[in-house]
Amino acid sequence: MGFVLSVLYLVTYYLTPTAIFGPFAPFRIELILAVLVFLVSLPALLKSFLGKTPQTIAVIGLAIGTFLSILVGSHWFSGAVEAFLAFIPNAFAYFLVCLHCNSKKKLQVLVAMLLFVCLFVIGRGYFDLTRGIPESGGAVSGSTPSPYFMAERSSGSTEMLYRLRGLGEINDPNDFAQLIVCVLPLLFIFWRAKRTFLNILFVITPAGILLFGAYLTHSRGAIIALLAILVLATRRKFGTVASVIVGAIAFAGAALINFSGGRDISADGGADRVSLWGQGLQAFRGHPLFGVGYGSMPDYTDVHLTAHNSVVVCVAELGLFGLFFWCLFLLPSLIDCVRASSPARVSSGVPIAVEESLFPHSARKVEEIDKDEINRLGLIVLLSLTGFLVGGWFLSRAYALTLFLLGGMTEVVFDIALRRQMIAPRMKLTKAISYAGLLTVALVPFMYLTVLVLNRAR
């Protein structure tokens with residue numbers, strides 16, 4: 001029950017209550033659902049591994065950071081409470097995945113849910129596209145514009161560029177493109193050796209549709225993130241040089257089909273972002289400890305926009321306090337992903353015992369998972385997390401639900417291996433805190449240096 005409610009909660013959060021529940025949305029069904037999920041999840045806490053992960057402390061620290069950023073920065077208690085409540089639904093994803101997604105089959109259901117979200121948006125957007133709405137700038141149902149496209153001026157052109165987007169959590173084309181990028185490598189959880197037809201049906205075809213959806217977003221960040229995934233995915237098999245060449249060919253292909261919709265991919269084309277990064281760092285200098293306030297970054301830029309870089313947004317809005325806990329979440333997740341995907345770090349392990357039951361025939365079957373499968377699961381989650389982070393370099397997605405969901409998936413894969421004695425225990429909390437502190441200290445000057453170099457290169 002907890003897993004089913006968790007999946008429904010995540011779908012509702014991505015697609016919005018209006019899209020899922022229609023006329024019943026005003027009854028705040030999503031709030032009722034959240035309460036139900038919370039109550040059902042309480043018993044699972046007793047036997048979960050949440051207390052053993054640094055990410056649990058990191059999420060709690062980030063929640064405190066969002067509260068303090070408004071309380072200290074603006075001296076506004078009710079605003080601090082609102083910020084805290086706005087952050088919790090995103091972070092909730094980490095706990096739900098860790099509590100209820102404890103097997104490969106449930107991971108597959110979770111990936112299927114993410115695929116459904118993407119296909120739903122692409123399908124609705126393509127339906128509007130076939131009616132000629134985006135190209136003509138017309139309207140859907142009389143005077144109501146299509147909610148699945150955002151219009152903006154093309155670079156150096158008077159024509160409007162229409163970019164696919166979702167609703168709610170993914171209501172920006174770049175945000176939706178980032179989700180697509182994350183889902184693409186996860187599709188390979190359905191890949192089965194020597195099952196060509198099933199692989200075409202459940203992996204290749206959905207991947208093609210997702211790539212088409214990414215094209216409709218015309219996101220420049222998605223191109224770079226997809227190339228990063230491609231290089232990382234092929235490096236182990238073909239070597240670094242060959243994988244870079246493959247990435248360069250893919251980049252040329254993206255340019256040939258006008259993937260970005262005419263939007264410039266260059267230092268000059270990203271000049272507006274670099275300017276926002278600089279303004280974000282200036283805001284941080286005035287509020288170094290707790291930041292300017294969760295969600296307040298637009299108030300500190302000339303054009304009232306956020307900084308479009310997850311690191312800058314985090315340190316500007318939550319200060320060093322928040323950035324430390326963000327690093328404490330991210331770093332152990334990456335390390336556990338790398339360890340699970342490494343053949344040298346995973347052993348053959350031992351089978352785990354079947355859970356006993358009062359009724360002999362109702363005993364649960366244990367999934368047969370070998371070392372190669374753990375490596376494969378670790379790799380696809382690592383590729384997905386890489387896509388999120390590369391895309392996040394150009395987006396303000398520091399506290400996005402997808403990040404916490406991927407962090408949860410990482411720990412589920414790691415726990416599957418740990419229960420079978422295939423992998424060494426997690427990094428100790430003291431070491432994780434030390435490494436997170438070092439990363440926090442390194443990231444700020446690195447961003448200053450990046451902005452300085454990019455400004456001089458223009």
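Pairs under 8 Å by beta carbon, first residue in contact (Cβ under 8 Å) with a residue 24 or more places away in the chain in segment 1-14, partner surrounded by fewer than 20 Cβ atoms within 10 Å (Cβ to Cβ) and of a type in the set (Phe, Trp, Tyr), six or more apart or different chains?
Listed by first residue and then by second, the contacts come to Val11/Phe116.
Report, by residue number, each residue of segment 39-55 that is in contact (Cβ under 8 Å) with a residue 40 or more places away in the chain and surrounded by 13 or more Cβ atoms within 10 Å (Cβ to Cβ).
Scanning segment 39-55 gives Ser41, Ala44, Ser48, Phe49, Leu50, Lys52, Thr53, Pro54, Gln55.
For segment 435-458, what are the residues that are surrounded by 14 or more Cβ atoms within 10 Å (Cβ to Cβ) and of a type outside the set (A, V, I, L, M)?
Tyr435, Gly437, Thr440, Tyr448, Thr450, Asn455
Results for (1) out of contact with any Ser or Thr (no Cβ under 7 Å at 6 or more places or on another chain); (2) at pLDDT 90 or above, shown as yes or no for each residue.
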position: Phe251; (1), (2): yes, no
position: Ala271; (1), (2): yes, no
position: Ser310; (1), (2): no, yes
position: Ile335; (1), (2): yes, yes
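Only one residue in Leu5, Leu10, Leu36, Leu68 is modelled with pLDDT under 90 and of a type in the set (A, V, I, L, M), so which one is that?
It is Leu36.
Could you run through segment 428-440 and say how many residues are in contact with a Phe, Trp or Tyr (Cβ under 8 Å, 6 or more places away or on another chain) and either of a type outside the set (Ser, Thr, Tyr) or in a loop (DSSP other than H, G, I, E, B) (or both)?
Here the count works out to 2.
Looking at Leu5, Leu71 in this structure, which one is outside the structural domain of Arg285 (by TED's automatic domain parsing) and either within 29 Å of Ala316 (Cα to Cα) or buried (at least 19 other Cβ atoms within 10 Å of the Cβ) (or both)?
Exactly one residue qualifies, and that residue is Leu5.
When segment 304-334 is examined, which residues are found to be outside any helix (DSSP H, G or I) and in contact (Cβ under 8 Å) with a residue 24 or more places away in the chain?
Leu305, Thr306, Ala307, His308, Asn309
Return the only residue of Thr196, Thr234, Thr217 being more than 15 Å from Val111 (Cα to Cα), touching a strand residue (DSSP E or B) at 6+ places or on another chain (Cβ under 9 Å) and at pLDDT below 95.
None of the others qualify; the one that does is Thr217.
Taking the stated definitions as given, is Gly378 modelled with pLDDT under 95, buried (at least 20 other Cβ atoms within 10 Å of the Cβ) and within 21 Å of Gly408 (Cα to Cα)?
Here the answer is no, as Gly378 does not meet what is asked.
Out of Leu62, Leu68, I need the residue that is touching a helix residue (DSSP H, G or I) at 6+ places or on another chain (Cβ under 9 Å), within 16 Å of Ala93 (Cα to Cα) and touching a residue at least 24 places away in the same chain (Cβ under 8 Å). Which one?
Leu62
Only one of Phe388, Phe394, Phe414 is assigned to a helix (DSSP H, G or I), under 15 Å from the mean Cα position of the chain (by Cα), among the aromatic types (Phe, Trp, Tyr) and assigned by TED's automatic domain parsing to the domain that holds Lys371. Can you tell me which?
Result of the check over Phe388, Phe394, Phe414: Phe388.
For segment 114-130, check the following and say yes or no: at least one residue is surrounded by fewer than 20 Cβ atoms within 10 Å (Cβ to Cβ), over 18 Å from the mean Cα position of the chain (by Cα) and aliphatic (A, V, I, L, M).
Yes, segment 114-130 contains a residue that is surrounded by fewer than 20 Cβ atoms within 10 Å (Cβ to Cβ), over 18 Å from the mean Cα position of the chain (by Cα) and aliphatic (A, V, I, L, M).
Considering only residues that are among the aliphatic types (A, V, I, L, M), crowded, with 16+ Cβ neighbours inside 10 Å and assigned to a helix (DSSP H, G or I), which ones fall in segment 335-350?
Once the filter is applied, which keeps residues that are among the aliphatic types (A, V, I, L, M), crowded, with 16+ Cβ neighbours inside 10 Å and assigned to a helix (DSSP H, G or I), segment 335-350 yields Ile335, Ala340.
The values are calculated or read from the model by the stated rules, or taken from the named source; none is laboratory data. Everything numeric in this text was worked out from a predicted model, so none of it was measured. All Cβ positions, even for glycine, are placed from backbone atoms using ideal geometry, and neighbour counts span all protein chains on display.
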